[in-house]
Amino acid sequence: MTERDTLSFRDDLGPLKVIQVHVPKHGVEGILVVDNVAAGPSIGGLRMAPDVTARECFRLARAMTLKNAAAGLSHGGGKSVLVGDPAMPRAAKEAMIRAFAHALKGEEHYIFGPDMGTDEHCMAWIKDEIGRAAGLPRELGGIPLDELGATGYGLAAAADVAIAHCDFTLDGARLAVQGFGSVGLHAARFLAEKGVKLVAAADSRGTVYNPDGLDVDALVAHKRSGGRVADFAGGQALDRDAVNAVDCDIWIPAARPDVVTMENMKNFKAKLVLQGANIPIQPEAEAALDRRGVVIVPDFIANAGGVICAAMEYHGASEVAAFSAIAEKIARNTREVLERARTDGVTSREAAVALAVDRVRAAMDTRANGIF
Ligand code: NAD
């Protein structure tokens, strides 16, 4: 990373500090970006991937500042990245993660959480090493957020509120989910409890489609047994990307960034988008869909369930309290963002960013000497 790259990410919100970690003995090449700590120590995931970049770390750290501020958590935003193959032998991964955490032992402005390439076991190693990690295994007081579906639960809470801005009801609404993993399958499950009909679901190897509705529990069981969704007997197999253009009312992206572009948005049919994945729609396509009347609940508002759960766990809350906080915070923010967008005549993304930035600035104003 060049100095110019670093400087281009500076503004009045952050980053507060950037730490590069290099431990040759354990192959550690990593970076920590603490973006903003006005509301409290930053919390954000540790991402491990062979091609992870400093640029990605800066962007993700800022996204966490906005997400945590919007969620009203007593935490700022930060992120860390480690270059490495997450599927490396366990002993090597443990040594690498322990060494990275150890190098950041005194960095109390940052609390580790899980992200791509890391899980609750990695958080247990970090907790053992430095005492500061969220997203722990149940045996260490953790709330297993992916197993319980914290983020999917939050998406369903967003749907409850956003539906007031739509011309259809949740009962009987047709849903398509791109990415039938921890986020997507739980969102389908919680929405099914509200009468929503799952008509299409995709994983990285294909789509399954049934306009009359898929049996969500049976599809979840099929997926958990290692099957591809496209092989599920209760529907028709389609190409992987067909899920993004099927006839539906609600679309949940829960896989990749930049799925909808200016090119393919003409095929897009949903009227409500609940963003499980981060930046699933390219910015200009998102603005165009918003102008077309599609109701969009932006990523850092809709998918905050995971970090809310992790923060609640960090402060010793029970599973019930964590889920209640997810529902309350996400419902309130979805309402505020969609109303602000309507009143101010801006997109829901613009309204969400304004809401989050207002909260970060308000937190900064409370700090002595404006240090943070
Ligand atoms: P996951 O790995 O459990 O599931 C991802 C699913 O997407 C898998 O089923 C995979 O097969 C599928 N997939 C991958 N590429 C695809 C493609 N091109 N088309 C269709 N399906 C594809 O991951 P997850 O935890 O569910 O996270 C999904 C997304 O949500 C990620 O972008 C993640 O950063 C974001 N997110 C997750 C959480 C969380 O709590 N887990 C919170 C906020 C945001």
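Structure data summary
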{"quantity": "Relative intensity, log₁₀ I(q)/I(0), of the stretch 145-222 from a Debye sum that treats every alpha carbon as a point, q = 0.16, 0.26 Å⁻¹", "calculated": "-0.54, -1.31"}
{"quantity": "Net +/- balance of residues flanking residue 16 in space, Cβ distance below 13 Å, scoring K and R +1, D and E -1", "calculated": "0"}
{"quantity": "Computed helical MRE - 222 nm, the chain, DSSP H runs ≥ 4 contributing -39500 (n - 2.57), nearest 500", "calculated": "-12500 deg cm²/dmol"}
{"quantity": "Shape metrics for the stretch 1-139, restricted to C-alpha atoms - Rg then Dmax, Å", "calculated": "14.0, 45"}
{"quantity": "Pair-distance profile P(r), taking every C-alpha pair of the chain, with 20 angstrom steps and integer %", "calculated": "29, 59, 12, 0"}
{"quantity": "Set 67/269; 17/79; 67/197 screened for pairs whose C-alpha atoms are more than 22 Å apart", "calculated": "67/269; 67/197"}
{"quantity": "The chain: antiparallel DSSP beta bridges as a percent of all, rounded to 5", "calculated": "45 percent"}
{"quantity": "Of 209, 186, 196, farthest towards positive along the dipole that unit charges on Lys, Arg, Asp, Glu beta carbons give the stretch 144-219", "calculated": "209"}
{"quantity": "Helix 182-192 vs. the chain, principal-axis angle (Cα, 0 to 90°, nearest 10)", "calculated": "40 degrees"}
{"quantity": "The stretch 80-113: GluC sites (Glu not before Pro) in DSSP loop, at most 16 other beta carbons within 10 Å", "calculated": "108"}
{"quantity": "Size of the stretch 150-358 as Cα extents on the principal axes (Å, biggest first)", "calculated": "48, 44, 28"}
{"quantity": "Assigned charges on the beta-carbon of Lys, Arg, Asp, Glu; the chain dipole about Cα centre (debye)", "calculated": "320 debye"}
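Since every read-out is calculated from the coordinates, none of them should be taken as a lab result. Please read these numbers as outputs of a predicted model, since none were measured by experiment. Heads up, the Cβs are rebuilt from the backbone with ideal geometry, glycines too, and the neighbour counts pull from every protein chain shown.
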